[in-house]
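Structure first, then comments.
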Ligand code: M6P
Ligand code: ZN
């Protein structure tokens, strides 16, 4: 019997780009990130069409038990003293987790629980990040090249951005030529 072998989609580990038909692409620009960076004057000075990060995703079946696979490519840069970062989110379905794997570049994964307690994990090539349920997550690029991470998460997870309207409890800035995490007053 001749059993056909399916060619699955591929991901290039050196840059996180997918080889597949019908890849979903979404770019987030500076102008989309209203209220995300603490230095509003520096944010306003940046052209609103400045690309901050791009997400590539494979097509997935939807529904309970199905998974999304995507890569996030976060550009290097700063708004004032604050490093470029993703918006960050809780999952709408709070109990659902996610896995991030570092592919290229260096940065931090900011994790925060529902009590507002934040922690940082170092992201680098090959780092594996298990994001538990009920944990908000944001990537921060502290390096000088693009930070690319592979992510796998349940299609039912959804994004809850509103729960973080107050922002995260930590900001990562360049101060005195050093990468520093600062606690934010009032979230
Ligand atoms: C990863 C996943 C996606 C997420 C994207 C960008 O690829 O976690 O679910 O949408 O990063 O992050 P955000 O939605 O916070 O902008
Ligand atoms: Zn997520």
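What follows draws every value from the coordinates through simple rules; no lab data is involved. Treat the numbers as computed from the prediction; the structure is a model and nothing was measured. Neighbour counts are summed over all protein chains in view; Cβ atoms, including those assigned to glycine, are modelled from backbone coordinates with ideal geometry.
Show that you can apply the helix-only estimate: for the chain, add -39,500 (n - 2.57) for every DSSP H stretch of four or more residues, divide by all residues, and state [θ] at 222 nm to the nearest 500. Intermediate results must be reported in sequence, preceding the final value.
Details: 1 runs with 6 residues, N = 187.
-500 deg cm²/dmol, from helical runs alone.
Averaging over all projection directions, find the projected area of the Cα convex hull of the range 62-104 and quote it in nm² with one decimal place. Kindly include the intermediate steps, with their values, before the conclusion.
Numbers: hull surface 17.8 nm².
Reported value for the Cα convex hull: 4.5 nm².
Reported to the nearest whole Å, the Cα centre-to-centre distance from the range 83-148 to the range 6-50 is 15.
Mind giving me the FRET efficiency for residue 32 and residue 2? R0 is 35 Å, r the Cβ-Cβ distance, nearest 0.05 is fine. Spell out each step's value before the answer.
Numbers: r = 50 Å, r/R0 = 1.43.
My answer for the efficiency is 0.10.
Multiply the residue gap between residue 62 and residue 15 by 0.36 nm, knock off their C-alpha separation, and tell me the result in nm, one decimal place. Mind showing how you got there, number by number?
Values: separation 47, 0.36 × 47 = 16.92 nm, distance 2.66 nm.
Taking 0.36 nm per residue and subtracting the Cα distance, the gain is 14.3 nm.
Expressed in nm², what is the orientationally averaged projection area of the convex hull enclosing the Cα positions of the range 75-184?
Result: a mean projected hull area of 6.5 nm².
In plain terms, the chain from residue 24 to residue 48 could stretch by 6.4 nm, reckoned as 0.36 nm per residue minus the Cα-Cα distance. As a rough guide to protection, the peptides 129-140, 172-183, 2-13 ranked by mean Cβ packing within 10 Å, highest first, stand as 129-140, 172-183, 2-13.
Kirkwood radius for the range 20-149, taken over all pairs of different Cα atoms as the inverse mean of 1/r, rounds to 15.5 Å.
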